[in-house]
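Heads up, the thing below is written out as structure tokens.
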Amino acid sequence: MGEYKILQQKRKFYDSGEWKRIRTEIKRRDNYECQECKRNGRVSVDTNEYSENAKRKKIQLVVHHIKELEYHPELALDLDNLETVCVDCHNKEHGRLFERKPNKWEHDERW
Ligand SMILES: [Zn+2]
Ligand SMILES: [Zn+2]
């Protein structure tokens, strides 16, 4: 399976109504906070949500697949495999996993 085909499949998935619905559900479950920041004792919230903190920090949240979609398509919509993280942590997360391709995943899960 070529990389292009995988990209097309991912694009289709991230564009699906199901994903958009579950993404909203996950953010709500996680209180619009970055779970990774929370683990490190910091709090980051979505800029779409009104708060003083958000206005100051301008943080955008994405819903991340803990086990990669590409390798675990069966967990694509599994609530336990999804968590809310901020863009910074998300980039770090993927940067660590895919050190040789640091930019490939940057905008993935924003859709
Ligand atoms: Zn974070
Ligand atoms: Zn991710």
Return the long-range amide H neighbours of Leu82 (sequence gap of 5 or more, or a different chain), with a cut-off of under 5 Å between placed amide H atoms.
Ile66
Starting at the first residue of segment 30-35, write each ³J(HN,Hα) from the Karplus equation 6.51 cos²θ - 1.76 cosθ + 1.60 with θ = phi - 60°, in whole Hz, x for Gly and Pro.
8, 6, 6, 10, 6, 6
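Only the coordinates and a few stated rules stand behind these numbers; no lab work does. Being a predicted model, the structure only gives us computed values, none of them experimental.
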